[in-house]
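Chemist: Quick one: structure below, then a few questions.
The values are calculated or read from the model by the stated rules, or taken from the named source; none is laboratory data. Since this is a predicted model, take the numbers as computed values, not measurements. All Cβ positions, glycine included, derive from the backbone under ideal geometry; neighbour counts span all protein chains shown.
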Amino acid sequence: MMMFDQKVVMVTGAGSGIGRSAALLFARRGARVCVLDRDASCAQKTVEMIQRKNGLGMSLEADVTCAPEVAAATGAVLERFGSIDVLVNNAAIEFSADVIHTPEEEWDRVIAVNLKGAFLMSKEVLPAMKKQESGAIVNVSSISGLLGWPDSAVYCASKGGIIQLTRQMAVDYAPYNIRVNCVCPGTTLTPMIERLFDMEKDREQAMRKISSMHPLGRFARPAEIAEAMCFLASDDASFITGTVLPVDGGYTAK
């Protein structure tokens, strides 16, 4: 199944977790994958995994909150490949606290990565997509962008912002044949989530509690979220734009 044969795909936060799974899946389906992460060694490891499967990957070190670094990374991709067909805005961080106990600097940090990062990446990539009159952007929100989650004030705010940014960009860029969609994962076993569980007094109890909140009774695997990303980026979703797709084991259906 080579639905992305020779297409150029940029994935942010692709040095681990959902981003890495997405990068590997796009590569298996024929894409030339540009792996962007602020940790150069993690990005390179993802590229090496792609290359071991005879795929083509390009490693990019960049902080998505830094406009010059985002511009440099995008420019490097365009110089090498001449186009960008798909952008996956996946880079994200977490901070757990209610409004009262969220320090201003943590608010700014999470908003910068989760929301501003998607804005800066899109701002750099969209002109190339407009020029070629085609493209797909997949933003990664969360069920926390759809529902309130305890002690996650800034994370919920950032992910809710991603949903509205998705809808707004979908309207603005549809005339250029650019589709913009969003996935909202349920709890997914990524390094970020593992770190949060490690902070709990009783890790196993916390994991059982959260997994049981999903009607399917388990956590998502990163590869399952990647499949949804690939679908929304593919020509199979050619008449889908502005959609917000929960991939949550039924969590938001309750």
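Chemist: Considering each of 62, 23 in turn, give the residue that is of a type outside the set (Asp, Glu), closer than 23 Å to residue 109 by Cβ, buried (at least 17 other Cβ atoms within 10 Å of the Cβ) and modelled with pLDDT of 95 or more.
Modeler: Exactly one residue qualifies, and that residue is 62.
Chemist: Among the candidates 198, 172, 151, single out the residue that is over 20 Å from the mean Cα position of the chain (by Cα), among the charged types (D, E, K, R) and under 22 Å from residue 13 (Cα atoms).
Modeler: Details: 172 fails: under 22 Å from residue 13 (Cα atoms); 151 fails: under 22 Å from residue 13 (Cα atoms).
Going through 198, 172, 151 in turn, the sole match is 198.
Chemist: For segment 200-211, indicate whether the set of residues that are closer than 20 Å to residue 146 by Cα, in contact with a Pro (Cβ under 9 Å, 6 or more places away or on another chain), at pLDDT below 85 and not polar (S, T, N, Q) is non-empty.
Modeler: no
Chemist: Here are some conditions: (1) hydroxyl-bearing (Ser, Thr, Tyr); (2) in contact with a Lys or Arg (Cβ under 9 Å, 6 or more places away or on another chain); (3) crowded, with 19+ Cβ neighbours inside 10 Å. Residue 83 meets all but one. Which one does it not meet?
Modeler: The one condition residue 83 does not meet is (3).
Chemist: Scanning for something surrounded by 13 or more Cβ atoms within 10 Å (Cβ to Cβ) and out of contact with any strand residue (DSSP E or B) (no Cβ under 8 Å at 6 or more places or on another chain), does segment 240-252 turn up at least one residue?
Modeler: Yes.
Chemist: Could you please let me know if residue 196 is in a helix (DSSP H, G or I) and crowded, with 21+ Cβ neighbours inside 10 Å?
Modeler: no
Chemist: Let me ask something additional. Could you identify the single residue in 138, 88 that is buried (at least 24 other Cβ atoms within 10 Å of the Cβ), touching a Gly at 6+ places or on another chain (Cβ under 8 Å) and either in contact (Cβ under 8 Å) with a residue 60 or more places away in the chain or assigned to a loop (DSSP other than H, G, I, E, B) (or both)?
Modeler: 88
Chemist: Follow-up question, since we're still on this one. Residue 220 fails exactly one of the following numbered conditions: (1) touching a residue at least 24 places away in the same chain (Cβ under 8 Å); (2) loosely packed, with under 15 Cβ neighbours inside 10 Å; (3) among the hydrophobic types (A, V, I, L, M, F, W, C). What is the number of that condition?
Modeler: So the condition that residue 220 fails would be (2).
Chemist: On to the next question. Can you report the number of residues in segment 182-206 which are farther than 27 Å from residue 244 by Cβ and in contact with a helix residue (DSSP H, G or I) (Cβ under 6 Å, 6 or more places away or on another chain)?
Modeler: 3
Chemist: Considering each of 174, 228 in turn, give the residue that is buried (at least 16 other Cβ atoms within 10 Å of the Cβ), out of contact with any helix residue (DSSP H, G or I) (no Cβ under 7 Å at 6 or more places or on another chain) and not in a loop (DSSP other than H, G, I, E, B).
Modeler: Working: 174 fails: buried (at least 16 other Cβ atoms within 10 Å of the Cβ).
Unique residue meeting the criteria: 228.
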